[in-house]
1. Within the stretch 371-392, take every residue that is more than 12 Å from ALA130 (Cα to Cα) and assigned to a loop (DSSP other than H, G, I, E, B) and give me the one that is modelled with the lowest pLDDT.
2. How many of the residues making up the stretch 163-186 are assigned to a loop (DSSP other than H, G, I, E, B) and either away from the ligand (no atom under 13 Å from the Cβ) or not hydrophobic (A, V, I, L, M, F, W, C) (or both)?
3. Please go through the stretch 145-162 and give me each residue that is under 21 Å from PRO258 (Cα atoms) and away from the ligand (no atom under 16 Å from the Cβ), ordered by number.
4. Kindly list the number of the only condition in (1) buried (at least 18 other Cβ atoms within 10 Å of the Cβ); (2) closer than 30 Å to GLY331 by Cβ that fails for TYR92.
5. Could you say whether any residue in the stretch 67-77 is of a type in the set (Gly, Ala, Ser), more than 12 Å from the ligand (Cβ to nearest atom), in contact with a Phe, Trp or Tyr (Cβ under 8 Å, 6 or more places away or on another chain) and closer than 22 Å to GLU380 by Cβ?
6. Got a number for residues in the stretch 35-58 being surrounded by 20 or more Cβ atoms within 10 Å (Cβ to Cβ) and either under 16 Å from VAL94 (Cβ atoms) or among the aromatic types (Phe, Trp, Tyr) (or both)?
Amino acid sequence: MVTAIIVGAGHRALQYARYARTAPDRMRIVGVADPDPARRKAVAEEYGLTEEQCFESAAALAARGRLADAVINGTMDRDHVPTTIPLLEQGYDVLLEKPFATSPRELELLDAAVRRTGRRVMICHVLRYAPFYAEIKQRVLAGEIGDLMDIQTAEHVSYHHYSMGYVRGKWRREDLGGSSFLMAKCCHDLDLIAWLKSGVRPARVASFGSRSYFCREKAPAGSGEHCLLDCPLEKDCLYSVRKLHLDHPDRWTYYVWPHLDHRSGVTLAEKEAVLRDPANPYSRCVWKLDNDLLDRQSVMVEFSDGTLATHQMIGGTSAPMRKIHLIGTTGEIEGTFEENRFRIRHMDPSPGREFREEWVELADSDDHSGARGGHGGGDERLAADFAALVLGEPGSVSRTLFEDSVTGHRIGFLADQAVREERVIAF
Ligand SMILES: NC(=O)c1ccc[n+]([C@@H]2O[C@H](COP(=O)([O-])OP(=O)(O)OC[C@H]3O[C@@H](n4cnc5c(N)ncnc54)[C@H](O)[C@@H]3O)[C@@H](O)[C@H]2O)c1
């Protein structure tokens, strides 16, 4: 049984902590640290914690020495490194959200602290734990497509997700959210690339990107500043907050209405009032905000063994989609995460044939809805693997040790640097 303390009792940490409810013989929540009294109270009620088990910050918790085996750190990007290092120094193992650092310097600081303290840090690269990617990794390890020559991945972030998080939301500016669009959203895909090439060093990174749609020049002529207050085009606009959020009042609620999310019986009128507040970025026209993230980016990595990897990221698509296509010396794997199945092609030189194709349907086609913690069931499996790590048990194929996560994050930071400096960067 692992004892764990929640640090940063937001949406993400609570997802992982839920494992203590589904597997109470494996994990027990014995504390919470969060400056927000309402969040501390909600966790204390859910897990039966006393006043003494509630702390106002990660620093206040660290000042008390080691009170449990581990912490689940779900603070925001910028808080990851400053909150984690003192906890490592007190002897906690840490489950830490991604991106685990907001700059190469922070990455090096945390890397040094992990080495110095010898504690175990697992990064929440939940996609590795989704059956889709775990099975692909197993097939690659089993040599089913020979040696990898080329990795192509893509993430399409849907129009309602991109505008919610990266145009109107808390990740809309790097100085607010702490991360670029690539690091906030696609450090998962870069991690998958690094994981598939585990043990092979990247050699160089190139990248192009821009913010070419969610900017003032693209605003429809005659549009207002606030959808529900002054926009004559609101009725016909795809990005109207009425259409994106009020007509879907249960979608992204914890981001759009964070202060109403913990209450039951919230009315639509209350939700609308929040979106009519001109000071709220969710009231604003998507083309007229202060957002500064890119809305598209292409990343290329050349590994030292010649393998090429490319990742395409685009915000504002009709459907959310993650795609992967692996090309090996004897075959290919190709699939779309949301379909929860992929195909393998094997070269077949027999007369009249070109290749054999097999579809792999994931039996455990659970949950893209979030019922098991989201990310195709990855959230819950990751929490289970973290408990196993702390207990010293053997890990799953997906286990995300800190050392493995560093490569994917380094690729991301170098790709952003490549866009800024318009050059290819050596790893
Ligand atoms: N793994 C994934 O796929 C995935 C998906 C979405 C978000 N995330 C990441 O999860 C992280 C958390 O996102 P969220 O939306 O749950 O955040 P959130 O803002 O809801 O929660 C963060 C919490 O940390 C608390 N906090 C701030 N400073 C603190 C401190 N010094 N000590 C303790 N607590 C502190 C805040 O009060 C807040 O309650 C982010 O880094 C985000 O990028 C990961």
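The values are calculated or read from the model by the stated rules, or taken from the named source; none is laboratory data. Since this is a predicted model, take the numbers as computed values, not measurements. Reconstructed Cβ throughout: ideal geometry from the backbone, glycine too, with neighbour counts over all protein chains shown.
1. So the residue we want is ALA371.
2. Looking only at the stretch 163-186, we keep the residues that are assigned to a loop (DSSP other than H, G, I, E, B), and these are 168-173, 178-180.
The next check asks that each one be either away from the ligand (no atom under 13 Å from the Cβ) or not hydrophobic (A, V, I, L, M, F, W, C) (or both); those that pass are 168-170, 172-173, 178-180.
Total meeting the criteria: 8.
3. Passing the criteria: only TYR159.
4. The failed condition is (2).
5. So in the stretch 67-77, the residues of a type in the set (Gly, Ala, Ser) come out as 68, 70, 74.
Next, from what is left, pick out any that are more than 12 Å from the ligand (Cβ to nearest atom): 68, 70.
Remaining after also requiring in contact with a Phe, Trp or Tyr (Cβ under 8 Å, 6 or more places away or on another chain): 68, 70.
So of that shortlist, the ones also closer than 22 Å to GLU380 by Cβ come out as 68, 70.
Yes, the stretch 67-77 has at least one match.
6. 2
Yes or no, residue by residue, for (1) outside the structural domain of LEU95 (by TED's automatic domain parsing); (2) within 11 Å of the ligand (Cβ to nearest atom); (3) out of contact with any strand residue (DSSP E or B) (no Cβ under 9 Å at 6 or more places or on another chain):
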site: GLY8; (1), (2), (3): no, yes, no
site: PRO24; (1), (2), (3): no, no, yes
site: ASP36; (1), (2), (3): no, yes, yes
site: VAL43; (1), (2), (3): no, yes, no
site: GLU46; (1), (2), (3): no, no, no
site: PHE55; (1), (2), (3): no, yes, no
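Conditions tested, residue by residue: (1) assigned by TED's automatic domain parsing to the domain that holds MET164; (2) crowded, with 17+ Cβ neighbours inside 10 Å; (3) in a loop (DSSP other than H, G, I, E, B); (4) touching a helix residue (DSSP H, G or I) at 6+ places or on another chain (Cβ under 6 Å).
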site: HIS245; (1), (2), (3), (4): no, yes, no, yes
site: VAL299; (1), (2), (3), (4): yes, yes, no, yes
site: ASP305; (1), (2), (3), (4): yes, no, yes, no
site: HIS311; (1), (2), (3), (4): yes, yes, no, yes
site: ILE327; (1), (2), (3), (4): yes, yes, no, no
site: GLU332; (1), (2), (3), (4): yes, yes, no, no
